[in-house]
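These notes are about the structure you will find just below.
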Amino acid sequence: MVDKLAVIDFDDTLVRTNTKIIVYWKKKQKEFNTNQIKDAYKFAERRDAEIDYSEFAKPITRQNIKAINYSLISKIRQDDVLILTARGEGETIKNLFKQHFKLNFDVIALKDIYDDKKDGLLIAQRKSEELKLYLKQKSYKFINVYDDQLSNLAKIKGALPQVNIHFVKF
Ligand SMILES: [Mg+2]
């Protein structure tokens, strides 16, 4: 068994996609990118608006991908990989990387995380809980966690001090 595990966030860490967060108020709407979740939340709160996260629940296709973080992929090529994502559906992500890159990734999708209007703190909490459960059945010596959100990394490090955290921007 490989003794190194890479835990990778999907949106804006491994890939950039055309997925949008949409805020609706008074017959108006404004779109935010996936890395602007906190901005969308603040914007909506000021206007008492609705936030639509439903694009996160849709299966991902090659056409949804705008850019791929190849430098991260080459860095983790020898490791076991777990994609830990707040998207609603993990099977298509798994299949996409198998088909296009011959990479076998485990995927944990948090599902239904966006049912409540939240600013991302719930995501950080759930990510750390899911990772803790996953690691209970494993015996990796080195665990590297990659994410573009500092709040996720901080929460995970707090719950699992043994992991190494890496802030990713690409
Ligand atoms: Mg992300």
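At a glance:
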{"item": "Whole-angstrom gap from the range 1-62 to the range 124-170, using each part's C-alpha centre", "result": "20 Å"}
{"item": "Relative packing of peptides 15-21, 80-86 - highest average C-beta neighbours within 10 Å first", "result": "80-86, 15-21"}
{"item": "Nitroxide proxy distance, nm - points 7 Å out along Cα→Cβ at N35 and I68", "result": "1.9 nm"}
{"item": "Charge dipole (the chain, unit charges on Cβ, about Cα centre) - positive-most of N95, A44, S74", "result": "S74"}
{"item": "Per-residue [θ]222 nm for the chain (sum of -39500 (n - 2.57) over DSSP H runs n ≥ 4, rounded to 500)", "result": "-9500 deg cm²/dmol"}
{"item": "Under-5 Å amide H pairs with D52, H placed in peptide plane, nonlocal only", "result": "I22, V23, Y24"}
{"item": "Average Cα contact separation per residue, the chain, under 8 Å, 6 or more apart, as relative contact order %", "result": "27 percent"}
{"item": "Stretchable slack from L133 to K111, in nm (0.36 nm times residue separation minus alpha-carbon distance)", "result": "6.3 nm"}
{"item": "DSSP-defined antiparallel bridges as percent of all bridges, the chain, nearest 5", "result": "40 percent"}
{"item": "Dipole of the chain [Lys/Arg +1, Asp/Glu -1 at C-beta], most positive-end residue of F105, L84, H166", "result": "H166"}
{"item": "Built amide H within the under 5 Å cut-off of L103, gap 5+", "result": "K98"}
{"item": "Sequence-distant residues sharing a close amide H with V7 (under 5 Å, placed H)", "result": "L82, N144, V145, Y146"}
{"item": "The range 1-32 residues near the modelled K58 label - backbone nitrogen below 14 Å, point 7 Å along Cα→Cβ", "result": "17-22, 32"}
{"item": "Karplus-derived 3J(HN,Hα), 6.51/-1.76/1.60, for each residue of the range 53-69, Hz, glycine and proline x", "result": "9, 5, 5, 5, 8, 6, x, 8, 10, 4, 5, 6, 8, 8, 7, 10, 7"}
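Every number in this text was worked out from the coordinates using simple rules, so none of it is lab data. Owing to the predicted nature of the structure, the values given are computational and were not obtained by experimental measurement. Here Cβ is always computed from backbone atoms with ideal geometry, including for glycine, and neighbour counts include all displayed protein chains.
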